[in-house]
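Undergrad: Attaching a single structure in structure tokens format; questions to follow.
The values are calculated or read from the model by the stated rules, or taken from the named source; none is laboratory data. Just so it is clear, the structure is predicted and the values come from calculations on it, not from any experiment. Cβ sites come from the backbone with ideal geometry, for glycine too, and all protein chains shown count toward neighbours. With ligands, DNA and RNA removed, areas are computed over all heavy atoms of the protein, side chains included. Shrake-Rupley method; radii C 1.70, N 1.55, O 1.52, S 1.80 Å.
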Amino acid sequence: CATHALAGYISQRKPAIFFSAANHVHLSTILAHTISGHRGRLVLRITNAILRKQSSFLNSRIFFTAAARHFFQRADHLIAVSHGLVSDLTTGHGLRIPLHKVRYIQEPVIAPAFDRALKQPPAHLWFHDNAVPVIIGAGRLAAQKDFETLLRAFAIVRRQRPLRLAIF
């Protein structure tokens with residue numbers, strides 16, 4: 001299995017720092033690091049909320065939160081890419097990771113062409129009509145991004161005034 005192969009790699013290479021960069025592999029990475037017996041530092045980069053809301057048993061919030069609380073304590077450091085994730089990791093409602101283990105490091109998202117694009121006027125006509133505001137949502141169309149709440153809020157405000165919604 002992949003976890004045992006990773007444990008073998010860690011045992012053989014003995015890295016000073018083992019860095020796990022994706023939420024979906026953190027638990028197997030922690031297990032592999034533990035199985036390897038190697039005492040190098042383990043660092044996890046947290047990019048999305050750990051607390052889950054799914055309903056199936058293995059993905060339930062209670063089961064996953066309990067597993068994450070237990071296993072994430074084994075990491076030497078956790079890097080959170082937002083202040084909200086720091087809170088998820090450290091508070092009593094979150095995973096209760098000691099604050100000294102968690103660091104906030106913002107992800108860079110500005111590409112070199114950003115300044116040029118910023119100076120260009122938007123192409124769509126909606127953005128040329130200042131009389132009707134445009135609400136913008138951006139992100140993957142996934143439950144985690146909660147566009148459902150945006151759509152409900154938009155519908156409420158739209159009943160009271162002209163408004164447009166653009167989702168990217």
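Undergrad: For the range 145-164, check the following and say yes or no: at least one residue is of a type in the set (S, T, Y) and over 21 Å from F19 (Cα atoms).
TA: Initially, the range 145-164 is screened for residues of a type in the set (S, T, Y), giving 149.
Remaining after also requiring over 21 Å from F19 (Cα atoms): 149.
The answer is yes, given that some residue of the range 145-164 is of a type in the set (S, T, Y) and over 21 Å from F19 (Cα atoms).
Undergrad: Among R96, R45, R13, R39, which is open to solvent by 50 Å² or more (accessible area, probe 1.4 Å), modelled with pLDDT of 85 or more and at positive phi? Don't jump to the end; show me each part of the working.
TA: Details: R45 fails: at positive phi; R13 fails: at positive phi; R39 fails: at positive phi.
That would be R96, the only listed residue that is open to solvent by 50 Å² or more (accessible area, probe 1.4 Å), modelled with pLDDT of 85 or more and at positive phi.
Undergrad: Among the numbered criteria (1) under 19 Å from the mean Cα position of the chain (by Cα); (2) not in a loop (DSSP other than H, G, I, E, B), which single criterion is violated by A32?
TA: (1)
Undergrad: Another question, then. Quick one: G94 ticks every box in (1) in a helix (DSSP H, G or I); (2) farther than 14 Å from R45 by Cα; (3) touching a residue at least 40 places away in the same chain (Cβ under 8 Å) bar one, so which box is it?
TA: Among (1) in a helix (DSSP H, G or I); (2) farther than 14 Å from R45 by Cα; (3) touching a residue at least 40 places away in the same chain (Cβ under 8 Å), the lone unmet condition for G94 is (1).
Undergrad: Test each condition in (1) modelled with pLDDT of 90 or more; (2) surrounded by 18 or more Cβ atoms within 10 Å (Cβ to Cβ) for A21 and report the one that comes out false.
TA: (2)
Undergrad: Restrict the check to the range 51-60 and report whether at least one residue is in a helix (DSSP H, G or I) and over 18 Å from the mean Cα position of the chain (by Cα). Working first, answer last.
TA: Filtering the range 51-60 for residues in a helix (DSSP H, G or I) gives 57-59.
Checking which are over 18 Å from the mean Cα position of the chain (by Cα) leaves us with 57-58.
Yes.
Undergrad: Among the residues of the range 121-141, is there at least one that is within 14 Å of the chain's Cα centre (by Cα), modelled with pLDDT under 90, farther than 18 Å from A21 by Cα and surrounded by 11 or more Cβ atoms within 10 Å (Cβ to Cβ)? Reasoning before the result, please.
TA: Here is the first cut: in the range 121-141, the residues within 14 Å of the chain's Cα centre (by Cα) are 139-140.
The next check asks that each one be modelled with pLDDT under 90; those that pass are 139-140.
Checking the rest, the ones that are also farther than 18 Å from A21 by Cα come to 139-140.
This time we only want the ones that are surrounded by 11 or more Cβ atoms within 10 Å (Cβ to Cβ), so: 139.
Among the residues of the range 121-141, at least one is within 14 Å of the chain's Cα centre (by Cα), modelled with pLDDT under 90, farther than 18 Å from A21 by Cα and surrounded by 11 or more Cβ atoms within 10 Å (Cβ to Cβ), which makes the answer yes.
Undergrad: Is one or more of the residues making up the range 144-160 part of a loop (DSSP other than H, G, I, E, B) and in contact with a strand residue (DSSP E or B) (Cβ under 8 Å, 6 or more places away or on another chain)?
TA: No, that holds for no residue.
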